[in-house]
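Trainee: One structure follows; several queries about it will come next.
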Amino acid sequence: MSDTARVWGLHLGLLALLLAAQFLLPAYHHGNLARVMVLACYGIGYNILFGYTGLLSLGHAMFFAAGMYGMGLAVEHFGAAPAPAMLAGLAAAAALAGVVGALALRTVGVAFMIVTLMFAQAGYLTILYFGAVTGGDEGFVIQQAERVLWGI
């Protein structure tokens, strides 16, 4: 067996195990696993940005928040199903990344850190300003969702 096939087999097996765990774990453990996986995605993004490109972003959480608010607000205020809400979160994060990237990637080094910090503070103040919709710095709670994805 080649190294490439072994790597693909390991990754696909892990994804299958995580998919099965969603249906087999009790609610408490399922919630903890979901939190760990979300934070792992955050860590992977930060590793790519700082580890591989050397760009230290002080506003990295802003994109994370844009995706979560995009999905959460679509569910809370528009009654979106899980799949369209995830697409809305992805679109919100991608749109914000496009705007911020067009401006921030013109800088390097310390200037990049300052620009990303500036955008992060602007995002934070926007969340506070629209507190009636976003819940301000306390956020909002979506009622416990069922383990349903893509309407199944």
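The values are calculated or read from the model by the stated rules, or taken from the named source; none is laboratory data. Just so it is clear, the model here is predicted, and its values are computed rather than measured. Cβ placement follows ideal geometry from the backbone for every residue including glycine, while neighbour counts extend to all protein chains displayed. Just the protein is used for accessible areas: all its heavy atoms, side chains included, with ligands, DNA and RNA removed. Shrake-Rupley method; radii C 1.70, N 1.55, O 1.52, S 1.80 Å.
Trainee: Looking at Asp3 and the list (1) open to solvent by 90 Å² or more (accessible area, probe 1.4 Å); (2) under 17 Å from the mean Cα position of the chain (by Cα), which single condition is not satisfied?
Mentor: Only one criterion is unmet by Asp3, namely (2).
Trainee: For region 72-88, does any single residue satisfy the condition of being under 23 Å from Met118 (Cα atoms) and outside any loop (DSSP other than H, G, I, E, B)?
Mentor: Looking for residues that are under 23 Å from Met118 (Cα atoms) and outside any loop (DSSP other than H, G, I, E, B), one finds none in region 72-88, hence no.
Trainee: Among the residues of region 17-50, write down those that are small (Gly, Ala, Ser) and either free of Cβ contacts under 8 Å to residues at least 12 places away in the same chain or in contact with a Ser or Thr (Cβ under 9 Å, 6 or more places away or on another chain) (or both).
Mentor: Once the filter is applied, which keeps residues that are small (Gly, Ala, Ser) and either free of Cβ contacts under 8 Å to residues at least 12 places away in the same chain or in contact with a Ser or Thr (Cβ under 9 Å, 6 or more places away or on another chain) (or both), region 17-50 yields Ala20, Ala27, Gly31, Ala34, Ala40, Gly43.
Trainee: While we're looking at this one, here's another question. Hey, could you check region 126-142 for residues that are part of a helix (DSSP H, G or I) and of a type in the set (A, V, I, L, M, F, W, C) and say which is surrounded by the most Cβ atoms within 10 Å (Cβ to Cβ)?
Mentor: Looking only at region 126-142, we keep the residues that are part of a helix (DSSP H, G or I), and these are 126-129, 131-134, 136-138.
Among the residues that remain, those that are also of a type in the set (A, V, I, L, M, F, W, C) are: 127-128, 132-133.
Values: Ile127: 19, Leu128: 11, Ala132: 7, Val133: 13.
Among those residues, the one meeting the criterion is Ile127.
Trainee: Tell me, please, whether a residue that is open to solvent by less than 40 Å² (accessible area, probe 1.4 Å), among the hydroxyl-bearing types (Ser, Thr, Tyr) and farther than 22 Å from Leu15 by Cβ can be found in region 58-73.
Mentor: Taking every residue of region 58-73 in turn, none turns out to be open to solvent by less than 40 Å² (accessible area, probe 1.4 Å), among the hydroxyl-bearing types (Ser, Thr, Tyr) and farther than 22 Å from Leu15 by Cβ.
Trainee: Could you go through region 95-112 and let me know if any residue there is part of a helix (DSSP H, G or I), over 17 Å from the mean Cα position of the chain (by Cα), of a type outside the set (A, V, I, L, M) and at pLDDT 90 or above.
Mentor: The answer is yes; a qualifying residue exists.
Trainee: Consider region 15-43. How many of its residues are open to solvent by 80 Å² or more (accessible area, probe 1.4 Å) and either touching a Pro at 6+ places or on another chain (Cβ under 9 Å) or under 24 Å from Ile127 (Cβ atoms) (or both)? So that I can check it myself, show each step before the final result.
Mentor: Step one: list which residues in region 15-43 are open to solvent by 80 Å² or more (accessible area, probe 1.4 Å), which gives 15, 17, 19, 23-24, 28-29, 35-36, 39, 41.
Add one more test, that the residue is either touching a Pro at 6+ places or on another chain (Cβ under 9 Å) or under 24 Å from Ile127 (Cβ atoms) (or both), and what stays is 35, 39, 41.
Final tally of qualifying residues: 3.
Trainee: In addition: Between a first residue in region 127-139 that is within 14 Å of His77 (Cα to Cα) and a second residue that is modelled with pLDDT of 85 or more and part of a helix (DSSP H, G or I), which pairs have beta carbons less than 6 Å apart while being 6 or more apart in sequence or on different chains?
Mentor: Thr134/Ile127
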